[in-house]
1. Exactly one condition in (1) at pLDDT 95 or above; (2) out of contact with any strand residue (DSSP E or B) (no Cβ under 6 Å at 6 or more places or on another chain); (3) surrounded by 12 or more Cβ atoms within 10 Å (Cβ to Cβ) is false for Glu37; which is it?
2. Looking at this structure, is Arg152 over 13 Å from the mean Cα position of the chain (by Cα), surrounded by fewer than 19 Cβ atoms within 10 Å (Cβ to Cβ) and in a loop (DSSP other than H, G, I, E, B)?
3. Of all residues in segment 109-131, which are farther than 19 Å from Gln28 by Cα and exposed (fewer than 11 other Cβ atoms within 10 Å of the Cβ)?
4. I need the full set of residues from segment 89-112 which are of a type in the set (D, E, K, R) and part of a strand (DSSP E or B), in order please.
5. Quick one: Asp115 ticks every box in (1) among the acidic types (Asp, Glu); (2) in a helix (DSSP H, G or I); (3) over 13 Å from Leu74 (Cα atoms) bar one, so which box is it?
6. Of all residues in segment 125-142, how many are part of a strand (DSSP E or B) and free of Cβ contacts under 8 Å to residues at least 24 places away in the same chain?
7. I'm told Ala25 meets every condition in (1) modelled with pLDDT under 95; (2) crowded, with 19+ Cβ neighbours inside 10 Å except one. Can you identify the failing condition by its number?
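The values are calculated or read from the model by the stated rules, or taken from the named source; none is laboratory data. Model, not experiment: these values are computed from the prediction. Don't worry about glycine lacking a Cβ; one is built from the backbone with ideal geometry, like all the others, and counts go over all protein chains shown.
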Amino acid sequence: MSSPVELRLATAGDVSDIAALSRDAIEQGLPWRWTAERVRRCLRDAATNVVVSRDAERLRGFGIMRYGDEDAHLLLFAVHPACRRHGVGSAVLDWLEAVARTAGVQRVLLECRRDNEAARHFYNAQGYHERVIVRRMYEGIEDGIRLEKWLRAGAG
């Protein structure tokens with residue numbers, strides 16, 4: 001049995017690690033857009049939460065979600081490769097979704113690369129449904145998929 005995943009809101013000290021994990025685990029092959037400054041802006045945005053899981057050695061995973069009146073948008077989400085399949089991603093996503101439910105949000109929206117089978121499987125297992133394929137979504141290079149999850153019973 002694995003130990004519980006500890007989560008907390010990100011601080012300025014996490015910004016560089018979040019940006020680096022995004023560059024290495026999400027944005028590979030694309031221009032680096034989620035720089036430290038962009039992550040820092042999310043920390044300052046009252047409508048956005050940035051949550052992290054860390055251990056003594058590294059940033060284990062993180063999620064960045066912006067909340068609106070009806071929809072929340074998972075802007076960025078990653079788990080360090082050495083920490084995958086240990087409940088980190090599920091814990092981060094569950095935490096962000098719980099905040100969305102508390103705020104009265106109806107659904108969560110997100111995107112991922114079409115060729116990222118691991119991410120697509122993970123999101124499907126978390127109750128997300130693929131809605132549409134968007135050709136050349138990422139920098140005109142890679143196709144993407146838009147997904148959604150309805151949080152309220154009877155919604156959607």
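1. (3)
2. Taking the combined requirement at face value, the residue satisfies it.
3. If the condition is that a residue be farther than 19 Å from Gln28 by Cα and exposed (fewer than 11 other Cβ atoms within 10 Å of the Cβ), then His121, Ala125 are the ones that fit.
4. Within segment 89-112, Arg107, Glu111 qualify.
5. Only one criterion is unmet by Asp115, namely (2).
6. Looking only at that region, the number is 8.
7. (2)
Per-residue answers, yes or no, for (1) among the aliphatic types (A, V, I, L, M); (2) modelled with pLDDT of 95 or more:
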{"residue": "Val50", "(1), (2)": "yes, yes"}
{"residue": "Glu57", "(1), (2)": "no, no"}
{"residue": "Met65", "(1), (2)": "yes, yes"}
{"residue": "Val79", "(1), (2)": "yes, yes"}
{"residue": "Ser90", "(1), (2)": "no, yes"}
{"residue": "Arg107", "(1), (2)": "no, yes"}
{"residue": "Phe122", "(1), (2)": "no, yes"}
{"residue": "Tyr128", "(1), (2)": "no, yes"}
{"residue": "Val134", "(1), (2)": "yes, no"}
